[in-house]
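The values are calculated or read from the model by the stated rules, or taken from the named source; none is laboratory data. Computed from a prediction, not measured in an experiment: that's the story for all the values here. With ideal geometry, Cβ positions are generated from the backbone for all residues, glycine too; neighbour counts draw on all protein chains shown.
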Amino acid sequence: MLNSQTAESVIDHALSLGADFAELFVEKNATNVVSTLSDEVQSVESGINFGIGLRLVYGSKVLYGYTNKTDQDELLRIASVLAAKDLRDPVSTKNAFNCSQIPDIHPARKILSLDAEIESKIAS
């Protein structure tokens with residue numbers, strides 16, 4: 001979803017603008033909704049929601065921006081716009097970048113790719 005080199009570049013950029021801490025959130029959700037009334041299908045909706053959030057911390061001040069674009073230039077722009085609100089001297093030390101995924105503590109019982117097609121659910 002997001003290249004780890006892009007993520008590292010954005011976080012480094014935010015820290016170079018004086019942020020005490022910077023983090024990226026990447027989220028992608030797929031939804032399918034079938035609405036029925038009296039055993040008749042009223043509507044079928046599906047979609048994918050995707051977004052990337054960037055949080056910068058300056059002392060006790062927290063700034064947040066988001067986008068649905070994955071290109072590095074857009075993410076760097078967001079970091080710069082946020083940092084312009086509270087510019088400080090850059091962080092002097094750089095830590096190693098650790099790209100990690102959060103474990104899914106609520107796994108789906110049946111993933112979407114194994115679920116029945118929506119046509120079979122609404123066929124009568």
query = Could you give every pair whose Cβ atoms fall below 6 Å, whose first residue belongs to the stretch 54-71 and is without any contact (Cβ under 8 Å) to a residue 24 or more places away in the chain, and whose second residue is aromatic (Phe, Trp, Tyr), counting only separations of at least 6 or pairs across chains?
reply = Asn68/Phe50
inquiry  = Can you find a residue that is farther than 30 Å from Ser120 by Cα, modelled with pLDDT of 90 or more and exposed (fewer than 11 other Cβ atoms within 10 Å of the Cβ) anywhere in the stretch 70-91?
reply    = yes
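If I ask for residues that are small (Gly, Ala, Ser), surrounded by 13 or more Cβ atoms within 10 Å (Cβ to Cβ) and closer than 27 Å to Gln101 by Cβ, which ones from the stretch 1-50 would you list? Break it down into steps so the answer makes sense when it comes.
Taking the stretch 1-50 as the starting set, the residues that turn out to be small (Gly, Ala, Ser) are 4, 7, 9, 14, 16, 18-19, 22, 30, 35, 38, 43, 46-47.
When the remaining residues are screened for being surrounded by 13 or more Cβ atoms within 10 Å (Cβ to Cβ), the result is 7, 9, 14, 16, 18-19, 22.
Of everything in the stretch 1-50, those that are small (Gly, Ala, Ser), surrounded by 13 or more Cβ atoms within 10 Å (Cβ to Cβ) and closer than 27 Å to Gln101 by Cβ turn out to be Ala7, Ser9, Ala14, Ser16, Ala19, Ala22.
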query = Can you tell me which residues in the stretch 62-85 are touching a Gly at 6+ places or on another chain (Cβ under 8 Å) and β-branched (Val, Ile, Thr)?
reply = Thr67, Ile78, Val81
key: Residue within the stretch 2-23 that is at positive phi and among the charged types (D, E, K, R) present   = no
